[in-house]
Amino acid sequence: MKLKPIINSLLDTDLYKFNMNQVIFHKHTDATGEYYFKCRTEGVIFTDEMVEEINEQIDHLCSLSFTNEELDYLRSIRFIKSDYVEFLRLYHPIRDYVECKKLDDGQLSCIVKGPCFSSMQFEIYLLEIINEVYFRMKYDYDELVKSARIKLKDKIEAFQDGKYTFKFAEFGCRRRLSFEWQDEVIKELITKTNNCVGTSNVYLAKKYHIKPIGTFAHEFVQMYQGYPNIPLAYTNHYALKDWFSEYQGDNGIALTDTLTTDLFLLDFSYLDSCCYTGVRHDSGDPYEWGEKIIKHYLSLGIDPKTKTLLFSDSLDFDKAQKLYNYFSSRCKVSFGIGTFVSNDTCVEPLNIVIKLQKINGRNVAKLSDNDGKTMCLDEDYLDYLKNAVDFRIAEEKRLGKTKKL
């Protein structure tokens, strides 16, 4: 079973890939990265035919480059700079950076190695390819779409009937059923409701004249673990500093949980808290997180009602509505909702990721606010990182108590 090309535009990716890539282009062109695929769903087997198709799709991906029209669109985004767009005129995905193969146990191995300004761009494209190949070749695709349309109709009617009142952005690229289905979902949501305010998918934002949405991901903060002159427990500080230097407060939603939110808040200073428009939740209990963020703003004398809490961790519409009801009287509330809209069918979606695991040959890791999202190639390094984080948090608490005495 041969499929049509899945990726037909290099804009068919999340906006934050361009955001992060621009910072790397301006400040860290020396960085080299290694990205590793992982399927967190147990019992998933990739066939030889699937892997062959995935590799052929990667071949096609690497034949693409940006068109003048696409470059002009990127240039029209307020915070994307002209010199970076000119770099993208020269850019194309390089096939030699990607190795994708089937392991003896039927698992899929997919590894990307190369300069960060190039290797980091593969993540979303590869996840889109892998997910779509798997679902098209394992199931009756037409039946999946049929079931998804029924569910989408019910969701839209719930917005129209007033059951759901929150606004959200569609964040569904990485685990979508297919490009065609994501396209249909966004078209339906923006024409039949007033609740979808944008999408992370740059191509579809351009197509439908809606806002492309996104700031940065965990990999951006992880990257700073690869520099020996930066203490591990201070990587949030350097990441926030570089981000602000690049964007000057524009493009300002900060992700809190790369090395736990408790550590993040130690570096989220009064200046940062004022200049960033808000923060994003992606792991741990969202209610505890939200209360912690509001308390932080209040401790600095900042009105939480002027700030945005963006929730994006495995949301469905019921969860989002409950969070909106709970927090909306105290702060601005927004949501990034992905798989629930882009791959909600009669079968369970895959939980697949591609994560940065090395920078400049050094191990890096994400800790998050719950252990289930931790991924690291080296357990010794992971323990070392946890100890560094725990030590700084404990020391800050001790010093804080000492100051009160």
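You can think of it this way: the chain between ASN229 and ASP154 has 21.7 nm of extra reach, that is 0.36 nm per residue less the Cα-Cα gap. Does segment 127-209 classify as rounded, prolate or oblate by the C-alpha gyration tensor (a ≥ b ≥ c root eigenvalues; a/c under 1.5 gives rounded; else a/b over b/c gives prolate, otherwise oblate)? Here segment 127-209 falls in the oblate category.
In sequence order, segment 12-20 has phi-based couplings of 7, 7, 6, 4, 5, 5, 6, 4, 5 Hz under the Karplus curve 6.51 cos²θ - 1.76 cosθ + 1.60, θ = phi - 60°, and Gly or Pro positions carry x.
What FRET efficiency comes out for GLU69 versus ASP104 if R0 is 51 angstrom and r is the Cβ-Cβ distance? Round to the nearest 0.05. Before the final figure, lay out each step's value.
Working: r = 45 Å, r/R0 = 0.89.
Efficiency, from the Cβ-Cβ distance: 0.65.
No solvent, one uniform scatterer per C-alpha: report log10 I(q)/I(0) for segment 1-126 via the Debye equation at q = 0.10, 0.16, 0.20 1/Å, two decimals. Debye intensities relative to I(0), on a log10 scale: -0.35, -0.84, -1.18.
Stokes-Einstein at 37 °C, 0.692 mPa s, Kirkwood radius from Cα pairs: D for segment 118-270 in µm² s⁻¹?
Working: Rh = 18.1 Å.
Taking Rh from Cα pairs, D becomes 181 µm²/s.
In terms of packing, defined here as the mean over residues of other Cβ atoms within 10 angstrom, the peptides 386-397, 284-295 line up highest first as 284-295, 386-397. Couplings 3J(HN,Hα) of segment 281-297, computed from phi: 9, 9, 6, x, 5, x, 6, 4, 4, x, 4, 5, 5, 4, 4, 4, 4 Hz, in residue order, whole Hz [Karplus 6.51 cos²θ - 1.76 cosθ + 1.60, θ = phi - 60°; x for Gly and Pro]. The H on the amide N of GLY198, modeled in the peptide plane, is under 5 Å from the matching H of GLU170, each at least 5 residues off or on a different chain.
Rg and Dmax of segment 204-262, both derived from C-alpha coordinates alone, stand at 13.9, 45 Å. Entry comment: accessible area of the chain is 43 Å² per residue, from protein heavy atoms only and a probe of 1.4 Å. Here, segment 275-405 has an Rg and a Dmax of 18.1, 60 Å when only alpha carbons are counted. With the cut-off at under 16 Å, measuring from each backbone N in segment 143-160 to a point 7 Å along the Cα-to-Cβ line of CYS346 picks out 143-153. The 3J(HN,Hα) values that the Karplus relation (6.51, -1.76, 1.60; θ = phi - 60°) gives for segment 184-199 are, in residue order, 5, 4, 5, 4, 5, 5, 7, 8, 10, 9, 10, 9, 8, 9, x, 9 Hz. Gly and Pro appear as x.
Expressed to the nearest 5 percent, the antiparallel share of DSSP beta bridges inside the chain is 55 percent.
How would segment 223-335 be classified by its alpha-carbon gyration tensor: rounded, prolate or oblate, with rounded meaning a/c under 1.5 and the a/b versus b/c comparison settling the rest? Walk me through the numbers before you get to the answer.
On the way: a/c = 1.97, a/b = 1.55, b/c = 1.28.
In terms of gyration-tensor shape, prolate.
Please report the carbon-and-sulfur percent of the accessible area for the chain; probe 1.4 Å, protein heavy atoms only, DNA, RNA and ligands left out. Accessible surface attributable to carbon and sulfur in the chain totals 50 percent. The ASN325 and ASN8 beta-carbon pair, evaluated with R₀ = 60 Å, returns a calculated FRET efficiency of approximately 0.90. Scattering from the chain was approximated by placing one identical point on each alpha carbon and applying the Debye formula without solvent; log10 I(q)/I(0) at 0.06, 0.07, 0.11 1/Å stands at -0.23, -0.32, -0.83.
Net charge in the neighbourhood of LYS146 (other residues with Cβ under 13 Å of its Cβ; Lys, Arg +1, Asp, Glu -1) is -2. Proximity of backbone amide H atoms, modeled 1.01 Å from N, is registered between LYS358 and GLU34, VAL364 at under 5 Å, excluding neighbours fewer than 5 places apart on the same chain.
Taking the average, over residues, of other Cβ atoms within 10 Å as the packing measure, peptides 252-262, 47-57, 17-27, 156-166 rank 252-262, 17-27, 47-57, 156-166 from highest down.
Using the Cα gyration tensor of segment 349-395, with a ≥ b ≥ c the square roots of its eigenvalues, what is the shape: rounded (a/c below 1.5), prolate (a/b larger than b/c) or oblate (neither)? Because a/c hits 1.5 or more and a/b fails to exceed b/c, segment 349-395 counts as oblate. Taking 0.36 nm per residue of separation and subtracting the Cα-Cα distance, full extension of the segment from LEU298 to MET137 would add 52.7 nm.
Amide H contacts of LEU3: none lie under 5 Å away among residues 5 or more positions distant or on a separate chain (H built 1.01 Å from N in the peptide plane; Pro and chain starts excluded).
The values are calculated or read from the model by the stated rules, or taken from the named source; none is laboratory data. Model, not experiment: these values are computed from the prediction. Because the Cβ atoms are built from the backbone with ideal geometry, glycine has one as well, and the counts that use them run over all protein chains shown. We work out accessible area using only protein heavy atoms, side chains counted, and drop any ligands, DNA or RNA first. Shrake-Rupley method; radii C 1.70, N 1.55, O 1.52, S 1.80 Å.
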